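First the structure, in the form of structure tokens, and then the observations on it.
Any read-out appearing in this document is the output of simple, stated calculations on the displayed coordinates, not a laboratory observation. Predicted model, so just to flag it, every value in this text is computed and none were measured. Here the Cβ positions follow ideal geometry from the backbone for every residue, glycine too, while neighbour counts run over all protein chains shown.
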Amino acid sequence: MSKKIKITPEIVKEHGLSEEEYQIILDRLGREPNINELGIFSVMWSEHCSYKSSRRHLGKFLTKGKRVIQGPGENAGVIDIGDNDAIIFKMESHNHPSYIEPYQGAATGVGGIMRDVFTMGARPIANMNALRFGEISHPKTKSLLSGVVAGIGGYGNCVGVPTVGGETNFHKGYNGNILVNAMCVGLAHQDKVFYSAAKGVGNPIFYVGSKTGRDGIHGATMASAEFDDDSEEKRPTVQVGDPFTEKLLIEACLELMATDAIIAIQDMGAAGLTSSSIEMADKGGVGIKMNLDKVPQRETNMTPYEMMLSESQERMLMVLVPGKEHLALEIFQKWELDVAEVGVTTDTGRLVLTHKRKTVCDIPIAPLADDAPNLDRPHTKTPERPVLSADEARAPDNYNDALNTLITCPDMASKRWIWEQYDRHVMADTVDSSQSGGDAAIVRIHGSNKAVAITTDCTPRYCYADPYEGGKQVVAETWRNLTCTGATPIAITDCLNFGNPERPDIMGQFVGCVEGMNEACRAFDYPVVSGNVSLYNETNGVAIPPTPAVGGVGLIDDLDVFTTITGAQEGDTLVLIGETQGWLGSSLYGREILGHERADDAPVYAPPPVDLAVEKTNGDYVRSLIKNRRVKAVHDLSDGGLAMSAAEMCFAAGIGAELKAAPSGVTLQGWLFGEDQARYLLAVDENSVNPVVSTAQAKGIPAQIVGKVGGAQLKAAGAFDVNLSDLKSANERVLPDLMKSKA
Amino acid sequence: MRTAVISFPASNCDRDAYTALHQVTGQEPVMIWHRETEIPANVDFVVVPGGFSYGDYLRSGAIAARSPIVRDLIQKAGKGLTVAGFCNGFQVLTEAGLLPGALMRNDKLKFVCKPQSLSIVNGKSRFTSAYNGQKNVVYPVAHHDGNYFADKKTLDKLEKNGQVIFKYDENINGSARNIAGITNDAGNVLGMMPHPERAVDPLHGGTDGIKLFQSVLDAAL
């Protein structure tokens, strides 16, 4: 039994605790911990649970705003969308498990993020994701892609929550560490939002959901270490999900939440029973006593250590109002789920666990949270990059070929192969999804004429070149994407994926990105309400590109007035909002056509700067045009610039277009492929062209007519002239061909 | 017309069916929990909704087909009650023996979700009369096990009797003879993989589903 295990320096080290951290434990306990206590400290102080490298930097974020009901610190963020409705959302990573076991890793990532949302009283209404895989030719990419996509679909489809959008990139920087970031958006009544603080003494603690097994033990610790060649051996620490149980758990929890029986509720995510009980007790300022014999167990002879560290899925812990226990019993039995009273809240401030009539853990709760390490890791600023000179930003040999190369590069390729495996329509409120290829998904608030717009974004290329500008750009792009639908952007969640924070250059990337993101959040009054940090995305010392993925949420208050990428018609005029200088540094064109990343020591060029004031002015103007019904289709300009944006708008409409020549002072390649920020492409009918352009000019906003919609060709004067349906089929073929290939 | 929707554990299109029925009939459907033993006598039309009843464990629809309420459904359907099963509901109805054949895993072994064009093969059925000669409809599909199988004799009989109601305009899942939806002999029980209940609002991207419910409503009047 546990008491017999002697705590040696090796065991302390295996638990990922430093000597200093172990000394703090000895000081707080006044004695040596037993193995259960050591395990509990170890997971609570892991990077994954304690945010020890990132906490002091995350504190800088704008987290308040007039629509924010709950910012970071709870299971998910809560925002006010009027009419007593609240939107609850969060994004979270499941990177390490998904690399080791792609189907279950991705599936449980989706399950975990949904639990964070329904724990707070919300019915999940939409799932999103942000995925990053290694280069398409890497031998593992195909199986990882197919496993992750099947896992996301397998879980979300069964639970019956539509997966409405996301983004997928491929890059050699992720060959050894893929990123699987899942986001969930839920809908609750503002007067029925549930929190995790276990207030009050003598209240019963209930365990509900699946039984506890030996899966996922030390998952949080795994997510706090680098991979090496033996990472495959970590497979047993990956959890296995059961979406059927999750669906029952959602319905049962929402049914119980409709009563007045619940004081506090918390899902068992990373570090399972340990973190859920400690977080609830810590926030409520109480102690907790639990009898582990009462915990529903899937396997025999489980030790306290295993039960406390298990990451078995689909479990919840809640504190009930005394006398209301029968409500929980009735509802959970109706849904055929395990339910057990496992403990009680106390006034001792301690976590006391008994097992087989013996006390197996007795530790103070406060130090687990208060004394969690809060490191000020050294960080060095990413070196300043040169601006790509006009000479180096050369024209392609052949514009038709360049267009084709860009539209068929894996990042631009149609993701139909992926999203056709996701149920995008269940719940019957999906208004726009991946299907249209637009900027943001649109999901109606059930039974109303309101909707939320949702997007996920990141451009790691920019973040690598310049974390600060890249961080600004990530937030700006989500804000722009939401704006394209006519939505008012409200708030974001983030998933900050980086390498090993013990390396000052990586920590410098993290700090730079956070500062840039925060700058943009403040400029747009667009707060961070929830998020997650995933560090140690490194294999054999090679880190991923900095990837601070952001999920943005906006509100469409009247579904009679919104736009998507579809809707351009023959004869419409294409109007470009925003200034074009032809910025090609760190662009997709630079990578795919100029071969900027081909050599390992190739120079890195400065990414396009983001002028946040201009972003705001241009975006607010576009939103006003949508509200005044002046535009038929809107698409932002991002990877691949005007040419890609026009091509995608044409794909969505099924009609070609002709683009005009570059204005003076801009090179043709910069005009077509430049990635200057704060720009939007609008399809406008004849009657609206003058008002759209002249009002912009009166406000000092650059607006110019750049082409016309029509015909079967996509043309640009002096550059390319290709058949649209040929271009589209090339774009559609990339992923199916890859997945069919034998290699 | 009084309508009802049966909910099994992990039915997930029960609310979609409820919303569509409410919209078309103007009356609130009755929600029936799978453990109940009797469909209320005044109900004219029962929808067995889509989803993953019992997590698709064993086989899709197999466990739900043995639930208490389905016993009564089988009885009442035998006496002429109008029943429609969409997606998982179709799987439940085949497993319950109310419809011939079986739904196997899609031939490409992947879940498929997309708006799908279908041909109305029998426009005179209880479920299609309101289409008034319209030849094609678009409904969303979203399934992993929609590959319809029956032996040749059964398929010939289905086609000859006008029991094949919908066919896919392209074969998306390996279904025999592109079959997307069938009825029983008597024509009062429909099973289909596509989701007409998710095509009843312009914001869904189409409203082709409305007339399916309208047909049932017309027949009941």
(request) Starting from the Cα coordinates of the stretch B:65-173, work out the convex hull volume and express it per residue in Å³. (result) 116 Å³
(message) Starting from 0.36 nm per residue, how many nanometres of slack lie between residue A:190 and residue A:739 once their C-alpha separation is accounted for?
(response) 193.1 nm
(message) Give me Rg/Rg_expected for the protein assembly as shown, where Rg uses Cα atoms only and Rg_expected = 2.2 N^0.38 Å with N residues.
(response) 0.95
(request) Set the Förster radius R0 to 51 Å, insert the Cβ-Cβ distance between residue A:11 and residue A:60 as r into 1/(1 + (r/R0)^6), and round the FRET efficiency to 0.05. (result) 0.90
(message) If you fit an axis through the alpha-carbon atoms of helix A:243-257 and take the longest principal axis of the Cα set of chain A, what angle between them do you get, 0 to 90°, nearest 10?
(response) 70 degrees
(message) Per-residue Cβ counts within 10 Å, from other chains only, averaged over A:148-158: what number is that?
(response) 3
(message) Using only the alpha-carbon atoms, how far is helix A:724-740 inclined from the longest principal axis of chain A? Give it as 0 to 90 degrees, nearest 10.
(response) 30 degrees
(message) For a quick check: with amide H placed at 1.01 Å from N, whose amide H comes under 5 Å from residue A:533's, ignoring anything fewer than 5 positions away on the same chain?
(response) A:496
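Considering only the protein assembly as shown, what is the antiparallel percent among its DSSP beta bridges, to the nearest 5?
That works out to approximately 75 percent antiparallel.
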(request) Please say if the stretch B:3-220 is rounded, prolate or oblate, where rounded means a/c under 1.5 for a ≥ b ≥ c the square roots of the C-alpha gyration tensor eigenvalues, and otherwise the choice is prolate for a/b larger than b/c and oblate otherwise? (result) rounded
(request) Mind checking A:425-438 for the average number of partner chain beta-carbons within 10 Å of each residue's beta-carbon? (result) 5
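For peptide B:46-53, compute the average count of partner chain beta-carbon atoms within 10 Å of each residue's beta-carbon.
Numbers: counts 0, 0, 0, 0, 3, 6, 8, 1.
Mean shielding count: 2.
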(request) Would you kindly derive the ³J(HN,Hα) couplings of the stretch A:367-376 from the backbone phi angles with the Karplus curve 6.51 cos²θ - 1.76 cosθ + 1.60 (θ = phi - 60°), listing them in order in whole Hz, with x for Gly and Pro? (result) x, 4, 9, 5, 8, 4, x, 9, 7, 10
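Output the relative contact order of chain A, whole-number percent, from Cα pairs under 8 angstrom with separation of 6+ residues.
With pairs under 8 Å counted, the relative contact order is 15 percent.
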(message) List the residues, sorted by chain then number, that are 5 or more residues from residue A:121 or on another chain and whose placed amide H is less than 5 Å from its amide H.
(response) A:194
(message) Using the Karplus curve 6.51 cos²θ - 1.76 cosθ + 1.60 with θ = phi - 60°, what ³J(HN,Hα) values do you get for each residue of the stretch A:675-680, in whole Hz, with x for Gly and Pro?
(response) 10, 4, 8, 6, 10, 9
(message) How far apart, in nanometres, would the label points at residue B:151 and residue A:228 be if each is projected 7 angstrom from Cα along the Cα-to-Cβ direction?
(response) 6.2 nm
(message) Cut-off under 25 Å on the C-alpha distance; same-chain residues fewer than 8 positions from residue B:124 excluded. Which lysines are left, in chain and number order?
(response) B:76, B:79, B:135, B:152, B:153, B:157, B:160, B:167, B:211
(request) Tally the DSSP beta bridges in the stretch B:3-220 and give the antiparallel ones as a percent, rounded to 5. (result) 60 percent
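Between residue B:135 and residue B:220, what's the calculated FRET efficiency when r is the beta-carbon distance and R0 is 35 Å? Round to 0.05.
Plugging the Cβ-Cβ distance into 1/(1 + (r/R0)^6) gives 0.90.
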(message) If I model a spin label as a point 7 Å beyond the Cα along the Cα-Cβ vector, how far apart are those points for residue B:186 and residue A:240 in nm?
(response) 4.4 nm
(message) Applying a 10 Å radius around every beta-carbon, put A:480-489, A:399-408, B:93-102, A:366-375 in order of their mean neighbour count, most first.
(response) A:480-489, B:93-102, A:399-408, A:366-375
(message) At 7 Å along Cα-to-Cβ for each site, give me the label-to-label distance between residue A:299 and residue A:29 in nm.
(response) 2.4 nm
(request) Mind giving me the FRET efficiency for residue B:117 and residue A:326? R0 is 56 Å, r the Cβ-Cβ distance, nearest 0.05 is fine. (result) 0.60
(request) Give a residue-ordered list of calculated ³J(HN,Hα) values for the stretch A:121-128 (Karplus: 6.51 cos²θ - 1.76 cosθ + 1.60, θ = phi - 60°; whole Hz; x for Gly, Pro). (result) x, 9, 7, x, 10, 7, 10, 9
(request) Starting from the Cα of residue A:64, draw a straight line to each of the aspartates and glutamates and keep only those under 19 Å, dropping any in the same chain fewer than 8 residues away. (result) A:74, A:80, A:85, A:494, A:515, A:519, A:525
(message) Taking the 0 to 90 degree range and rounding to the nearest ten, how far is the long axis of helix A:686-698 tilted relative to the main principal axis of chain A, both from C-alpha atoms?
(response) 80 degrees
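Evaluated at 4 °C with a viscosity of 1.567 mPa s, what Stokes-Einstein diffusion coefficient in µm²/s does the stretch A:645-743 have when Rh comes from the Kirkwood expression over alpha-carbon pairs?
Numbers: Rh = 15.5 Å.
Result for D is 84 µm²/s.
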(request) Sort the following peptides by mean Cβ neighbour count (other Cβ atoms within 10 Å, averaged over residues), highest first: A:416-422, A:451-457, B:138-144, B:75-81. (result) A:451-457, B:138-144, A:416-422, B:75-81
